[in-house]
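Enquirer: Just passing along the structure, written as structure tokens.
The values are calculated or read from the model by the stated rules, or taken from the named source; none is laboratory data. Here the structure is a predicted model, which is why all the values come from computation and not from measurement. Positions of Cβ are generated from backbone atoms using ideal geometry, with glycine treated the same way; all protein chains shown enter the neighbour counts. All accessible areas refer to the heavy atoms of the entire protein, side chains included, with ligands and DNA or RNA removed. Shrake-Rupley method; radii C 1.70, N 1.55, O 1.52, S 1.80 Å.
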Amino acid sequence: ILLLTFFLAIFVKAFFIEAFKIPTNSMAETILSGDFVLVNKFVYSIQTPSTLPLTNIKIPRLKLISFGKPQRNDVIVFQFPGNQKEIHPSQDITLVKRLVGLPGDNVWIIDKEVIVNNSRFDIPPKAIIKKDESQNYGEADDRIFPEGKNWNKDYYGPVVIPKIGMRIEINPKNINDWETIINREFGKKAVSIEGSVIMINGKPTREYIFTKNYYFVLGDNRNQSSDSRYWGFVPEHLIIGRAEII
């Protein structure tokens, strides 16, 4: 009975429900540092685990059954996609944030107000939004994604969230906006610039078609959150599930 219970617990944790401890206050006051959240792993799909049970050995995540897509305003748990210019994340960590932008959405932040597809995104009931601490419009922050924009955490965008099949024009003026995400899709340094010619995976190109769906996430504690404003979009395959119970 003990052995059966042990393997049942491993099975449930790998595919259905898992508890995560929240390390920071980036989602305060909705979720606080030190809280434990139960994550529903099968709300969107059933996937193989990212590591072999009882080990830290990484394995590819494979989607077995799909039930639906993440929805705007969901609080999701996901694997960190990497810092601003990283192709592979230097930190193997799990994050929890609020989903704001879906694949294909237009997202804009104006004086901390989030605009999605020209509609105001409602402020979560327990979110901490301190307008008296806003940065100024045009006050560039070099930590912001993508690098080189005249944006900051309070005045951001507009950006279009990539989706499968979305076609974009590529040129020397905008390649910096898309270079990191294209490299991440290939899993290597695939983008290079030779004079005025953009090369992707060794081939000259003037356009790119995305192969994955992406999401834009924010922390409810807007001033104290490292989120999509700083490191970019979350690819769908890195989403573990939806936080259900604190």
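Enquirer: Per residue of the chain, what 222 nm ellipticity follows from adding -39500 (n - 2.57) for every DSSP H run with n ≥ 4, rounded to the nearest 500?
Expert: -3500 deg cm²/dmol
Enquirer: With a cut-off of 8 Å between alpha carbons and a minimum separation of six or more residues, what is the relative contact order of the chain in percent?
Expert: Once normalised by length, the contact order is 25 percent.
Enquirer: How do Lys173, Lys13 stack up against each other in accessible area, from largest to smallest, with a 1.4 angstrom probe?
Expert: The residues order as Lys173, Lys13, largest area first.
Enquirer: Probe 1.4 Å, all protein chains in place: accessible area of Ser119 in Å², nearest 10?
Expert: 70 Å²
Enquirer: Compute a Gaussian network model of the chain, connecting alpha carbons closer than 10 Å, and tell me which residue from Glu133, Glu86, Glu113 fluctuates the most.
Expert: Among Glu133, Glu86, Glu113, the largest mean-square fluctuation in the Gaussian network model of the chain belongs to Glu133.
Enquirer: Now for a different question. Heads up, I need the accessible area for Phe67: 1.4 angstrom probe, whole protein in place, Å², nearest 10.
Expert: Number for this one is 120 Å².
Enquirer: Which residue, Thr55, Thr180, Thr205, has the most motion in a Gaussian network model of the chain that connects Cα atoms within less than 10 Å?
Expert: Result: Thr55 has the largest fluctuation of those listed.
Enquirer: Compute the angle between helix 2-15 and the longest alpha-carbon principal axis of the chain, please, reported from 0 to 90 degrees and rounded to the nearest 10.
Expert: 20 degrees
Enquirer: Using a probe of 1.4 angstrom, how much of the accessible area of the chain is carbon and sulfur, in percent?
Expert: 57 percent
Enquirer: At a probe size of 1.4 Å, how large is the accessible area of Phe7, to the nearest 10 Å²?
Expert: Approximately 120 Å² of Phe7 is accessible to the 1.4 Å probe.
Enquirer: Could you tell me the center-to-center distance, by alpha carbons, between the stretch 1-70 and the stretch 171-246 in angstrom?
Expert: 24 Å
Enquirer: Return, ordered by residue number, the residues of the stretch 101-125 whose backbone nitrogen is under 11 Å from a label point located 7 Å along Cα→Cβ of Lys163.
Expert: What the label zone holds, given the 11 Å backbone N cut-off, is 102-106.
Enquirer: Past the 22 Å Cα-Cα mark, which pairs from Lys21/Lys85; Lys112/Lys189; Lys85/Lys131; Lys163/Lys188?
Expert: In this structure, Lys21/Lys85; Lys112/Lys189; Lys85/Lys131 lie more than 22 Å apart at Cα.
Enquirer: Where is the GNM fluctuation largest for the chain (alpha-carbon springs, 10 angstrom cutoff): Asn201, Asn56, Asn73?
Expert: Asn56
Enquirer: Give the shape of the stretch 5-141 as rounded, prolate or oblate, defined through the alpha-carbon gyration tensor: a ≥ b ≥ c are the square roots of its eigenvalues, a/c under 1.5 means rounded, and otherwise the shape is prolate if a/b is larger than b/c and oblate if not.
Expert: The shape class here is prolate.
Enquirer: Relative to the longest principal Cα axis of the chain, at what angle does helix 175-186 sit, 0 to 90 degrees, rounded to 10?
Expert: 30 degrees
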